[in-house]
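A short worksheet on the structure shown next.
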Amino acid sequence: MTKNILLIAGGDSSEHEISLISAKYVAQKLKENPDYQVINAVLHNHQLQLDDGSTAYLAQGPQLIMTSPQGQQQECTIDCVVPCLHGFPGETGDMQALLALHQVPFIGCEKEASINCFNKVTTKFYLSALNIENTPSIFVADSSAASLKHVHQAFAQFGNDVYVKAASQGSSIGCYHITAEDKLDAAITEALGYSELVLVEKTIPHRELEVAAYEYDGEVHVTTPGEIIIPDDKFYTFDEKYSTDSKSTTTVEVQGLSPMQQEMLKSMALRAFKGLNLRHLSRIDFFLSTDGLLYINEINTFPGMTPISMFPKLVEHAGLPMGKFFSYCVEDAIAHQYRK
């Protein structure tokens, strides 16, 4: 029986355009399943906009009400939603809460896990409680004199080399590498323009490793790591990730890791996936410091699915076709909803 899969992209966050690119890839993989009818929707200006120019909304229950440009209405039952949204509202828990309210099955992490992972401060609280290594940091909620004094003390404590990060942003939006103390206050102010909390994190000289942690056939799997190779004078900004002028490269064949480091990566990723109650898919980013220590940097609950994105590369490299993976997630989400 044909199932209607609503693929939602866009979202009007700073990652809107990247979400649209990811959605093209996801749609292609979903359509490999002949039982799926994929309905593409772009969330823009608080509306779902469909390919034919219709607007749509979810009514009570899993009913999608569609209105054509001529004002004609029709509806269909949605069997599952794929929220291919980077940043707000897809990774912030907002979309998950809405879908749960409408009792619509959806793939990916549920509301609480999405909220906790999107906020870098909350993520660090969880990781520390789970005894999972993460980089030394402090956070502030404003640019008051007391908060800035705290930041300057941390700057000295962290060796006069920090990253200032908006706590609730993705793709390195609102992220600043600061090595001069007179630049701190401005960076804090700018970062607060993106997020209510700001993280000040000690710079760790490192290699940047990433694993895909995902569910398939009822088990959690962690891939061998991939690596982001960044020029020495750069850090992984939004432009460095996605610009055609980027000098960064990626590989799914990481050299120079000991068996113990490989096992530690897997153990830390598994503990994070289970401890933060993730579901279906995540990309977990690590720092491998120059002295051989491993730290979890961030957890992404709906990782990029662009042609250069690491998550699909790592899953395919592990031997699982992404079409089969998405079909599993859809069927598991529907079964999960039924079990409720």
Determine the percent antiparallel among the DSSP beta bridges restricted to the range 13-170, to the nearest 5.
95
What aspartates and glutamates does Lys183 reach when the alpha-carbon gap must be under 16 Å and sequence neighbours fewer than 8 apart in one chain are set aside?
Asp161, Glu201
Roughly what would the spin-label model give for Glu32 and Thr251, points 7 Å off Cα along C-beta, in nm?
2.6
Summing Lys, Arg as +1 and Asp, Glu as -1, what charge do residues with Cβ under 9 Å from the Cβ of Ser114 carry, Ser114 excluded?
-3
Could you state the number of Å between the C-alpha centres of the range 71-106 and the range 42-63?
9
Relative contact order (percent, whole number), the range 78-155, Cα cutoff 8 Å, 6+ residue spacing:
22
Pairwise centroid distance, computed over Cα atoms, of the range 163-214 with the range 300-316, Å:
22
Quick one: helix 145-157 against the long Cα principal axis of the chain, what's the angle to the nearest 10°, folded into 0 to 90?
70
Mind sorting out which of [x] 62, 50, 35; [y] 61, 41, 37; [z] 63, 46, 41 is the real Cα extents along the principal axes in Å computed from the coordinates?
[z]
Two-decimal Rg/Rh of the range 15-174 from alpha-carbon positions, Kirkwood Rh?
1.10
Compute the acute angle (0 to 90°) between the alpha-carbon long axis of helix 259-275 and the principal axis of greatest extent of the alpha-carbon atoms of the chain; round to the nearest 10°.
60
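Sorting Arg283, Arg207 by accessible area (1.4 Å probe), largest first, what list results?
Working: Arg283 30, Arg207 75 Å².
Largest accessible area first, the residues go Arg207, Arg283.
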Find the Cα radius of gyration of the range 88-206, compare it with 2.2 N^0.38 Å by division, and give the number to two decimals.
1.18
Could you give the angle, 0 to 90 degrees to the nearest 10, between helix 16-30's Cα long axis and the longest principal axis of the Cα atoms of the chain?
50
Under-5 Å amide H pairs with Asn297, H placed in peptide plane, nonlocal only:
Asp285, Phe286, Phe287
With a 1.4 Å probe and all protein chains kept in place, how much accessible area does Tyr57 have, in Å² rounded to the nearest 10?
120
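Rounded to the nearest 500, what is the chain's calculated 222 nm mean residue ellipticity when only DSSP H runs of at least 4 contribute -39500 (n - 2.57) each, over all residues? The partial results should precede the final answer.
Values: 10 runs with 111 residues, N = 340.
My calculation for the chain gives -10000 deg cm²/dmol from helical runs alone.
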For the range 282-340, what ratio Rg/Rh do Cα atoms give with a Kirkwood hydrodynamic radius?
1.11
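Indicate, rounded to the nearest 5 percent, the antiparallel portion of the DSSP beta bridges found entirely in the chain.
Working: 53 of 67 bridges.
Taking every DSSP beta bridge within the chain, about 80 percent pair in antiparallel fashion.
The values are calculated or read from the model by the stated rules, or taken from the named source; none is laboratory data. These numbers were taken from a predicted model, which means no experiment stands behind them. Cβ sites come from the backbone with ideal geometry, for glycine too, and all protein chains shown count toward neighbours. Keep in mind that these areas ignore ligands, DNA and RNA; they rest on the heavy atoms of the full protein, side chains included. Shrake-Rupley method; radii C 1.70, N 1.55, O 1.52, S 1.80 Å.
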